[in-house]
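Below is one structure, written out as structure tokens; comments come after it.
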Amino acid sequence: MRAIVIDDDYLPDIDAVVSSLKKENLLNQKKDRDSVRRKLALKKYDMSLEDYDKLFAFQGGVCAICGKPEPIQRCVSEQARLCVDHCHKTGMVRGLLCRRCNTAIGMMGDDIAALAKAISYLEGFKTNGY
């Protein structure tokens with residue numbers, strides 16, 4: 001931050017202070033938006049923040065499929081969140097998944113037969129030395 005000299009006293013540049021405050025406020029607004037978005041998403045699954053945190057702890061903070069933590073972090077000050085996986089027919093929560101696993105099963109339409117074929121396909125290449 002630049003300083004202005006007045007009678008040998010150093011005062012901060014008011015423009016820099018205002019700019020800094022604006023950035024801080026924008027950061028707080030983003031945190032608030034993320035918090036509201038998270039609460040709304042959990043409400044969709046009839047989950048409280050406490051329910052999510054319990055499930056997160058039960059899974060050890062990792063994806064129920066691949067066993068890895070979520071690598072994508074939305075905000076520097078916040079821990080990366082796992083996605084709430086649910087049955088699209090019943091709405092029942094199945095567990096917490098990383099974005100990659102959640103997207104993968106979603107792209108396969110949660111179709112167990114299609115996922116089994118995909119596994120079989122990959123295993124076929126594994127046995128052929130690929």
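Some observations on this one:
- Relative exposure of 105, 112, judged by other C-beta atoms within 10 Å (fewest first): 112, 105
- Here 108, 92 are placed in order of increasing Cβ neighbour count within 10 Å, fewest first, which gives 92, 108.
- Checking the Cα-Cα distances for 39/89; 39/117; 68/89 against a 30 Å cut-off, the pairs over it are 39/117.
- In this simple spin-label model, placing a label point 7 Å from the Cα along the Cα-to-Cβ direction at both residue 59 and residue 122 gives a separation of 1.7 nm.
- Sorted by Cβ neighbour density within 10 Å, fewest at the top, the residues 51, 46: 46, 51
Just so you know, all these numbers are worked out from the coordinates, no wet-lab data involved. Computed from a predicted structure; not experimentally measured. No Cβ is skipped: glycine too gets one built from the backbone with ideal geometry, and neighbour counts run over all protein chains shown.
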